[in-house]
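Worksheet for the structure shown next.
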Amino acid sequence: MSTWDLSTVQHHVLICNGGSCLKKLGDETTLAIRDEIACHGAENLIHTTRTRCNGRCEDACVVTVYPQGIWYKEMTPELGRRLVREHLLNGQPIEENMIYSYAETFVPTGNGSAGKSRAAK
């Protein structure tokens, strides 16, 4: 297993590969994002990680971008490529697919359901 040099990384992209997201093209979206990063020679700027379930199954396929803390819903391979070009390389988030942004106030965007509180039983 290798250890990545993260000293030049500007974005960390978490791509859900849980069951619901895989059914909604999670693997294909992962590969498209990674391919688009490579096409732009941005491997040292953008690090990607496949995750297990992120708890937003109704929004599958979910992709989260840090350090901004922007959560995207219903991502496809085409939207994944657009994410790389517009958001990661040019600083323009894809607002119509955003469901949450940490921003400065930690508020939902209003594009997704509220979900249930983890504290609720």
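Which of Trp4, Trp71 comes first, and how do the rest follow, when ranked by fewest Cβ neighbours within 10 Å? All intermediate terms of the calculation are to be shown ahead of the outcome.
Values: Trp4 9, Trp71 24.
Starting with the residue having the fewest Cβ neighbours, the order is Trp4, Trp71.
Within the shell defined by Cβ-Cβ distances under 12 Å, the residues around Lys73 carry a net charge of -3, with Lys and Arg each +1 and Asp and Glu each -1. Converting phi to 3J(HN,Hα) with the Karplus coefficients 6.51, -1.76 and 1.60 and the offset θ = phi - 60°, region 91-100 yields x, 10, x, 8, 4, 5, 10, 6, 10, 6 Hz in sequence order, with x at every glycine or proline. Three principal axis extents describe the C-alpha atoms of region 1-93; from largest down they are 34, 32, 22 Å.
Computed from the coordinates by the stated procedures, all read-outs in this text should not be read as laboratory data. This structure is a prediction, so every number in the text was calculated from the model and none was measured. Note that we place each Cβ from the backbone using ideal geometry, even for glycine, and neighbour counts take in every protein chain shown.
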